[in-house]
Amino acid sequence: MYGLQPLRLQAGWRIECNNFTEYDIAVHGKQDCYELHEDLLQLLNEKANLIIDLGWYPSYDENGNYLLLLIKNYDWNSPLEKIVSKSKSEIVAYIEKWVDWRFWGKYDE
């Protein structure tokens, strides 16, 4: 069993869903790829009406990728930002960047 992935979140963000564990397929191998699925993490900033959503597609597939989205006003068809990556460290870095007002403030209306 893996613990939850540590993340540095900024004030104003609420965790809606967190199944994002410390499992890293590049480090731990494919035997635990059941940890990788579509609903890994969802963060909500109500004030700015922003959602950060993270999943692994296709679920449980060792050949899949992380998909990280920044959504405004629940417009899932037109994400403000989109990252596709196999690199867990890259995904963590983007999450920690996106929760910072200096980044998302440009989208705050």
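The count of lysine pairs in the chain whose Cα atoms are under 27 Å apart, excluding pairs fewer than 8 places apart on the same chain, comes to 18. Ranking C17, Y74, L41 by Cα position along the charge dipole of the stretch 14-103, where only Lys, Arg, Asp and Glu carry charges on their C-beta atoms, puts Y74 farthest toward the positive end.
At 10 °C and a viscosity of 1.306 mPa s, what translational diffusion coefficient does Stokes-Einstein give for the stretch 54-109, taking Rh as the Kirkwood radius over Cα pairs? Give it in µm²/s as a whole number. Please list the in-between numbers first.
Values: Rh = 12.2 Å.
My calculation gives 130 µm²/s for D.
Which residue, W98, W76, W13, tops the fluctuation ranking in a GNM of the chain built on C-alpha contacts under 10 Å? Maximum fluctuation in the GNM of the chain, among the listed residues, is at W76.
Take peptides 19-28, 45-54 and line them up by average Cβ neighbours within 10 Å, highest first, as a rough protection proxy.
Numbers: 19-28: 15.8, 45-54: 18.1.
Listed from highest to lowest mean packing, they are 45-54, 19-28.
Here the mean projected area of the convex hull built on the C-alpha positions of the chain is 6.5 nm². Compared with the dominant Cα axis of the chain, that is its longest principal axis, helix 88-98 is turned about 10°.
Taken together, the values in this text are just the output of simple stated rules run on the coordinates, not laboratory data. These numbers come from a predicted model, not from an experiment. For neighbour counting, all protein chains shown are included, and Cβ atoms are generated from backbone atoms with ideal geometry for every residue, glycine included.
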